[in-house]
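Report on the following structure.
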Amino acid sequence: MLKIGITGQKGFVGTHLFNTLKLLPNDFRCIEYDISFFSNDFSLDTFVSQCDIIVHLAAMNRHNDPDVIYSTNIELVQKLITSLERTKSKPHVLFSSSSQEEKDNSYGRSKKKGRILLEKWAIDNGGVFTGLVIPNVFGPFGHPYYNSVVATFSHQISHGETPKIDVDGKLKLIYVGELVTEIIKKAKEKKNESLCHLPHTSTAKVSEILNLLKKYKSEYQDKGEIPGINNTFELNLFNTFRCYINIATHFPIKFTQHTDPRGSFVEIIRLGIGGQVSFSTTVPGITRGNHYHTRKIERFAVIKGKALIQLRRIGTDEVLDFYLDGDEPSYVDMPIWYTHNIKNIGDEVLYTNFWINEPYNEEDADTYFEEV
């Protein structure tokens, strides 16, 4: 088992990497990291000396003063190198650089310089170094106005704001889950690569991204329809957009119920995509679920009885409670990376309709159990 530490563990990429590594307990054990370590030599040395692998993600992307960006990022690299030398540690260091290396800006220059400094440390001290040059990253939980234009547009559109395109360029993109897969692959290889350009997995103009996000707002957020999804990029973009909706206030959503002397009729889901529809009954007091998905789209619809649906984002403590009643049929959708469950809190059998966008595959279930 490899002991791996992630500087910037609570950042955008760091959070996804940390959460994914927890799903691989036979391969990796994560060494806890905190940003305060870079202000305390003893803490940093303790962290560094425990690691077989260090993924250095900690960096500043944006600041009003470009010089602050450059000096901060170089200082972080220098402190890491000093700690490595002070503890005589020789872990495999993976450094996240950026395609911005090719541009004359403070962030790009700091990344290139940091990569060169860590490469020199590896050569001088017999360490292993991998310099990852990463394309534009997007995905759930990125910070708007900081991590990516996808994060900014998703936040703005989901909150009723109007995005503005400054330059309608074509972006080379990689989804954060795909990036994490590449980092883990490189960590296992343990090979010196001073300059490793990770390939982008999709390309899209800024206007194309904006149009898709507007479609998701209109069809999904406003109408509750699952939009047509034509490829993996669109699935990743849709799952990214969903995470910017304020789910605490958005759900549960009541269905339109049509009633006449014969009884009632409710349309459960309108689809531009396939999937699997299931029906379940749950006796009083029983809880189903307590698991999460990293790519699947899922809807729980309560049509009879009383239910409590709970959601908690992985890595956080806040639990969201949604109370649903079959007298007013309603639904809650499950964002990716949120563990969720449903409990019958009534006195009668609970009737629930479940829809998920892909049939269950035991060999690739994308279902990870964790109590809410």
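The values are calculated or read from the model by the stated rules, or taken from the named source; none is laboratory data. Everything numeric in this text was worked out from a predicted model, so none of it was measured. Note: ideal-geometry Cβ built from the backbone for every residue, glycine included; neighbour counts use all protein chains shown.
Here are the numbers:
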| read-out | value |
| --- | --- |
| Counted residues, segment 151-180 - those being loosely packed, with under 14 Cβ neighbours inside 10 Å and polar (S, T, N, Q) | 1 |
| Extreme residue, surrounded by the most Cβ atoms within 10 Å (Cβ to Cβ), among residues of segment 345-372 that are free of Cβ contacts under 8 Å to residues at least 24 places away in the same chain and among the charged types (D, E, K, R) | D364 |
| Residue under evaluation Y323, criteria (1) at pLDDT 95 or above; (2) touching a helix residue (DSSP H, G or I) at 6+ places or on another chain (Cβ under 8 Å), criterion not met | (2) |
| Residues of segment 320-360 satisfying the condition of being more than 22 Å from the chain's Cα centre (by Cα) and polar (S, T, N, Q) | S330, N344, T352, N353 |
| Test: residue in segment 275-282 that is within 27 Å of K215 (Cα to Cα), modelled with pLDDT of 90 or more and in a loop (DSSP other than H, G, I, E, B) | yes |
| Filter result for V128 (in contact with a strand residue (DSSP E or B) (Cβ under 6 Å, 6 or more places away or on another chain), surrounded by fewer than 23 Cβ atoms within 10 Å (Cβ to Cβ) and at negative phi) | yes |
| Filter result for the condition that a residue is aliphatic (A, V, I, L, M) and without any contact (Cβ under 8 Å) to a residue 60 or more places away in the chain, over I174, I157, I209 | I174 |
| In segment 46-83, the residues that are among the acidic types (D, E) and farther than 22 Å from G127 by Cα | D65, D67 |
| Selection status of N353, over 24 Å from Y244 (Cα atoms) and assigned to a strand (DSSP E or B) | yes |
| Verdict on S148 being modelled with pLDDT of 95 or more, under 26 Å from E182 (Cβ atoms), buried (at least 22 other Cβ atoms within 10 Å of the Cβ) and of a type in the set (S, T, N, Q) | no |
| Any hit, segment 250-257, residues being at pLDDT 95 or above, in contact with a helix residue (DSSP H, G or I) (Cβ under 8 Å, 6 or more places away or on another chain), over 15 Å from T339 (Cα atoms) and of a type in the set (F, W, Y) | no |
